[in-house]
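Trainee: Here you go, one structure.
The values are calculated or read from the model by the stated rules, or taken from the named source; none is laboratory data. From a predicted model like this one, the values you see are computed outputs, not experimental measurements. Here the Cβ positions follow ideal geometry from the backbone for every residue, glycine too, while neighbour counts run over all protein chains shown. Only protein heavy atoms, including side chains, enter the accessible area calculation; ligands, DNA and RNA are left aside. Shrake-Rupley method; radii C 1.70, N 1.55, O 1.52, S 1.80 Å.
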Amino acid sequence: MDFLEEIEGVFDKLGGRELSAFYTRKIDVFLTDLFNSIESQKPLALIAIGGYGRAELAPYSDIDIMFFARDKADSKKVETVLYKLWDAGLTIGHCFRTPEDCIAEAKKDLRTHTSLLEARFIAGDRELYNYFYEKVYSELAFRKQKNFITGKLKEMEKRHAGFGDSVYLLEPNVKESQGGLRDMHTVLWLSKIALKLGNIGQLSSVVSGHDFKRLMLAYDFLLKVRFCLHIMSKRRNDVLSFDTHDHVSARLGFRNSKKFSGSERFMRYFYLKANIVNSVTSLIAGLCTRQWVVEGIRDWNAVKKKATENFFIYRNVVIPSENSSVRKNPERIIEAFYASSKTGKKLSHNLREDITKNLLYAGKRVRRSHKTMGFFREILNGPRVYETLREMHETGVLGRFIPELGALRSLVVYEPYHRYTVDEHTLHAVQNLELLTATKYKSLERLSGIMKGIKDKEILFMSILFHDIGKAAGKYHEEEGYKRLKNIVERFNVDAEKRQRIEFLVKNHILMSRIALTREIEAPEIIAQFAEAVGDEESLGALYLMTYADMSAVNPSFWTEWKAYLLQELYEKTLNYLRGVRRDKEVYIRSILDSYKGADREGLKSFIADMPERYLLSTPSERIYHDYSLARTVRENNFALSINDKHDGTTEIIVGTWDSPGLFSRIVGFLSSKWMNILSARLYTGKKGLIIDKIQISNWKDIWWDGMDIFIENGLEDVVLRGAHINLSASQKETGSRVDVFIELDNETSGESTILEFFSQDRHGLLYDVSSLFYENGFNIISAKINTESGIAQDIFYIQHEGRKVNGLKATELLATLWKTLKN
């Protein structure tokens, strides 16, 4: 049964709730006619439950129905109805229950309990449905209410955590994410049980008339967005993924403006509506919780404790003094948040409402006030930075006080890997930075130690808070942010030394991550260049902290042990450089030889002399001994392999053999054919043709099976020595990404090699194709860093042509050929 054409015909004329009602009525009529066409042997009722019971169907929603009877004698009719529904192509969720079954199932399963609260009569015996309502519904709605409420609140908390724990996701789930339709359902369920409200209209008795109207408009909008997604996808799809933004925004009438695209305007509007749902959900959850929380004996003799000049703590919340009006004295708005930060107490409900209503009065006078600036800087130096800034942001105070931050509110910028809007990303970065002081993760110990040693925390938090302000202009945001930052630090009257540090951190906030992830940090010239840019140890530590905060806030899985390892290595090497610690080559070689416990000392000496200098600079002594052992095996068998787990969570495959044309492309081709995710490759070629290739794998442990080590060793040996065929199955590029191909050739950074970096959508076998292209065109790969996440490939190769950098016509030909490969 297909009602899509009818829905398409009315889509532009109806709101979301009207569309749901329209489609639900169509299904009601169809089910009623079908049910009544089949004779009943005993009383039987057809009841809509779940979303169908709420009359909230979308085109590809499950249609949940319950056959209800005093006993299950008439199972034949139930089977006949279901077969006809399946034949009609409807997605049916069904059950056949007696009164006893309903109560028993509801006690065992919270979702069953909830779906039965949505019961609505469709067809059959009306008296039987009345019996259900009187006996079963009353049992579910009025008994053990506390268990139901606490269960739904825990369920909501778990769901929020599973779907990003934020309203401001770049790819939100319209139904399940925070501020989505499921939160609206939770409001209805809680108000029905705890507040005894009979229908959605009665919510107006709990929230203000203004908030109720906003809530209904938000609910209507979310439903229409979901309808649009289902129609566009021609399947059940509730995720506003990147590839849907343009279509949905255009269908709902959002057009491009001078500053923002239609899809960006649509997403900002979506966040506005979702935030309304989220706010009301929090309010209703709080009202329900208060009914069941035992607060003990109320302290009627509670006294006011002074927090600041104009604010007190009374009954565990911040309240204003009697003559402290935020309307007459808007400067006190920031003082109120300082009082909250200082004491750890939340603003009272009335104070929060008063601030929100009078926010417009917080204008230039407040922004220029030395007193308010002082309060804000104390917040940044205080013990609750994230918590206070989050509350300031939610109330609109942060953006009003610092308009440059207000421009970031709900701002959508399509960047690889990013999961949050710009403002949400910034707040997550602040939170992650603050949490470092109490971290229990071993991989963050170094960062935690640096954070604990920071004296002026406000420098760091200001830098994080303002690091993306340039994105509001839609330009190269580091430079644009730097310009806007100058105005802010002048308003805050930051002294010259601190101002320089903040400006440096904001202007260079991606420098450290770029070097760690895209450059060979073993190369002395790379460390020297980075150390020169940083200048001193204090700036290095601050930039390291800021890099962590920024990267860890991109998405929950973006910060990995591998990235942590690379950044710490860069930090340690640069710190040693700034302190004047250098590795003397001859001294290092002597120490390696003196510490060697093997008998073949001359052989080790010969091996070290044969390998390139960058091998010696990048390899610790214990690994040199290990590699020498591999080299001896190569001399006997022409091939050697070592597989080692590393402390950063990755696995290193070391291949030893003799050099041959296209060797690296064959190695990565074989590993790719086994679905291994390659992170980096360091290739070392000795003067006599000995090859030591070190390849880092990120997913070895995930795909490992007993015997895989031997399988990989035999397979690589066949590929390396005998040129065995590599079978790479065809794969399409991943969809849903807004990444365009980008290629850059750098002949300045490295003294010996050309650095080639490209950005592209990933596909299976891409690395093999690129490395084969290099081989076929006469380019030698010196080393490589492979970054693949979220369907995006960002790969960096150090290459040479005939032992030199790539220049002139050869560079032009390479770019053209690579561009064609990446676009295919």
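Trainee: Please work out the FRET efficiency for the pair Ser321 and Lys42, using the Cβ-Cβ distance as r and a Förster radius of 60 Å; give the result to the nearest 0.05.
Mentor: 0.25
Trainee: Peptides 55-68, 310-323: what's the order by average Cβ count within 10 Å, highest mean first? Don't skip to the end; give the middle numbers.
Mentor: On the way: 55-68: 22.2, 310-323: 16.9.
For the peptides 55-68, 310-323, the packing ranking is 55-68, 310-323.
Trainee: OK, next. If one takes the longest principal axis of the Cα atoms in the chain, at what angle in degrees, from 0 to 90 and to the nearest 10, does the Cα axis of helix 242-251 lie?
Mentor: For 242-251 against the chain, the angle is about 40 degrees.
Trainee: Using the Karplus curve 6.51 cos²θ - 1.76 cosθ + 1.60 with θ = phi - 60°, what ³J(HN,Hα) values do you get for each residue of segment 79-84, in whole Hz, with x for Gly and Pro?
Mentor: Per residue, the Karplus-derived 3J(HN,Hα) values read 4, 4, 4, 5, 4, 5 Hz.
Trainee: So, counting K/R as plus one and D/E as minus one, what does the shell of residues with Cβ under 11 Å around Lys305 add up to?
Mentor: Neighbour charge sum, excluding Lys305 itself: +4.
Trainee: Could you order the peptides 414-426, 14-26 from most to least packed, using the average number of other C-beta atoms within 10 Å per residue? Each step should come with its number before you reach the end.
Mentor: Numbers: 414-426: 20.4, 14-26: 18.4.
Highest to lowest by the protection proxy: 414-426, 14-26.
Trainee: Distance between Cα centroids, segment 756-773 to segment 551-587: provide it in whole Å.
Mentor: What the calculation gives is 26 Å, centre to centre.
Trainee: So, one more: Under a 1.4 Å probe, what is the accessible area of the chain per residue, stated in Å²?
Mentor: 46 Å²
Trainee: Another question about this same structure. With Cβ to Cβ distances under 13 Å as the rule, what net charge do the other residues near Ile333 carry (K, R +1; D, E -1)?
Mentor: +4
Trainee: Among Phe670, Leu616, Ile643, whose Cα projects farthest towards the positive end of the dipole of segment 608-722, with charges put on the beta-carbon of Lys, Arg (+1) and Asp, Glu (-1)?
Mentor: Leu616
Trainee: I would also like to ask the following. Quick one: angle between helix 209-233 and the longest Cα principal axis of the chain, in degrees between 0 and 90, rounded to 10, please.
Mentor: Result, in degrees: 60.
Trainee: Filter Lys597/Lys785; Lys108/Lys175; Lys175/Lys823; Lys135/Lys273 down to the pairs with a C-alpha to C-alpha distance above 32 Å, please.
Mentor: Lys597/Lys785; Lys175/Lys823; Lys135/Lys273
Trainee: Still on this structure, please answer the following. If the label point is 7 Å along Cα→Cβ of Glu309, which residues in segment 365-383 have backbone nitrogen under 17 Å from it?
Mentor: 365-379
Trainee: Still on this structure: Where does helix 181-193 land angle-wise versus the long Cα axis of the chain, in degrees 0 to 90, nearest 10?
Mentor: The answer is roughly 40 degrees.
Trainee: Let me ask you something else. What figure, in Å² to the nearest 10, do you get for the accessible area of Trp559 with a 1.4 Å probe and non-protein molecules left out?
Mentor: The accessible area of Trp559 comes to roughly 50 Å².
Trainee: Return the whole-Å distance between the Cα centroid of segment 133-156 and the Cα centroid of segment 42-86.
Mentor: Distance between centres, Cα-based: 22 Å.
Trainee: Under unit Cβ charges (Lys, Arg +1; Asp, Glu -1), what dipole magnitude, rounded to 20 debye, does segment 623-700 have relative to its Cα centre?
Mentor: Values: 10 positive and 7 negative charges, 42 e Å.
Its charge dipole is roughly 200 debye.
Trainee: Follow-up. Let me spell out the model: positive unit charges on the Cβ of Lys and Arg, negative unit charges on the Cβ of Asp and Glu, origin at the Cα centre of segment 417-468. What dipole size does that give, in debye rounded to 20?
Mentor: Magnitude of the dipole: close to 380 debye.
Trainee: In the set [x] 0.97; [y] 0.99; [z] 1.03, which value of Rg/Rh (Cα atoms, Kirkwood Rh) was calculated from the structure you see?
Mentor: [z]
Trainee: In addition: Please state the charge dipole magnitude for the chain, taken about the Cα centre, from unit charges on C-beta atoms (+1 on K and R, -1 on D and E), reported in debye and rounded to the nearest 20.
Mentor: 3280 debye
Trainee: Students often check this: by mean Cβ neighbours within 10 Å, which of 585-597, 535-547 ranks highest, and how do the rest follow?
Mentor: The most tightly packed comes first, giving 535-547, 585-597.
Trainee: In a shell of Cβ-Cβ distance under 9 Å around Glu520, excluding Glu520 itself, what net charge do Lys and Arg (+1) and Asp and Glu (-1) give? Please report the intermediate quantities before stating the final value.
Mentor: Working: positive: Arg519, Arg614, Arg682, Lys785; negative: Glu522.
Value of the local net charge: +3.
Trainee: Right, next: In segment 658-687, which residues have a backbone nitrogen under 16 Å from the label point lying 7 Å from Asp610's Cα in the Cα-to-Cβ direction?
Mentor: 658-660, 684-687
Trainee: Between segment 685-730 and segment 343-372, what is the C-alpha centre distance in whole Å?
Mentor: 63 Å
Trainee: Expressed in nm to one decimal, what extension gain is obtained for the pair Lys213 and Tyr441 from 0.36 nm per residue of sequence separation less their Cα-Cα distance?
Mentor: Full extension from Lys213 to Tyr441 adds 77.5 nm.
Trainee: Considering only protein heavy atoms and a probe of 1.4 Å, how much of the accessible area of the chain is carbon and sulfur, as a whole percent?
Mentor: 48 percent
Trainee: Sticking with this structure for a sec: Going by amide H atoms built from the backbone, whose H comes under 5 Å of the H on Ala123, apart from near neighbours?
Mentor: Excluding prolines and chain starts, which carry no amide H, the hits are Leu46.
Trainee: Can you pull the one-decimal nm distance between simple spin-label points at Val206 and Glu79, each 7 Å off the Cα toward Cβ?
Mentor: Distance between label points: 4.5 nm.
Trainee: Another one. Using 7 Å Cα-to-Cβ label points, what is the Thr91/Ile643 separation (nm, one decimal)?
Mentor: Each label point is offset 7 Å from its Cα along the Cβ direction, giving 4.0 nm.
Trainee: Taking 0.36 nm per intervening residue step and subtracting the Cα-Cα distance, what contour gain separates Lys135 from Glu157 on full extension?
Mentor: 4.8 nm is the gain from fully extending Lys135 to Glu157.
Trainee: Sort segment 52-158 into rounded, prolate or oblate with this rule: let a ≥ b ≥ c be the square roots of the eigenvalues of the Cα gyration tensor; rounded if a/c is under 1.5, and if a/c is not under 1.5, prolate when a/b is larger than b/c, oblate otherwise. Could the numbers behind the result be given before it?
Mentor: On the way: a/c = 2.12, a/b = 1.32, b/c = 1.60.
Verdict is oblate for segment 52-158.
Trainee: Set the Förster radius R0 to 45 Å, insert the Cβ-Cβ distance between Asp243 and Glu532 as r into 1/(1 + (r/R0)^6), and round the FRET efficiency to 0.05.
Mentor: The computed FRET efficiency comes out at 0.55.
Trainee: Given the options Leu360, Gly164, Phe11, identify the residue whose Cα lies farthest towards the positive end of the charge dipole of the chain (+1 on Cβ of Lys, Arg; -1 on Cβ of Asp, Glu).
Mentor: Of the listed residues, the answer is Leu360.
Trainee: Okay, moving on. Between Tyr588, His725, Ser760, whose Cα lies farthest towards the positive end of the dipole of the chain when Lys and Arg beta carbons carry +1 and Asp and Glu beta carbons carry -1, centred on the Cα centre?
Mentor: Ser760
Trainee: Within segment 611-765, what is the number of lysine pairs with alpha carbons under 27 Å apart, leaving out pairs fewer than eight places apart on the same chain?
Mentor: Counting lysine pairs in segment 611-765 gives 7.
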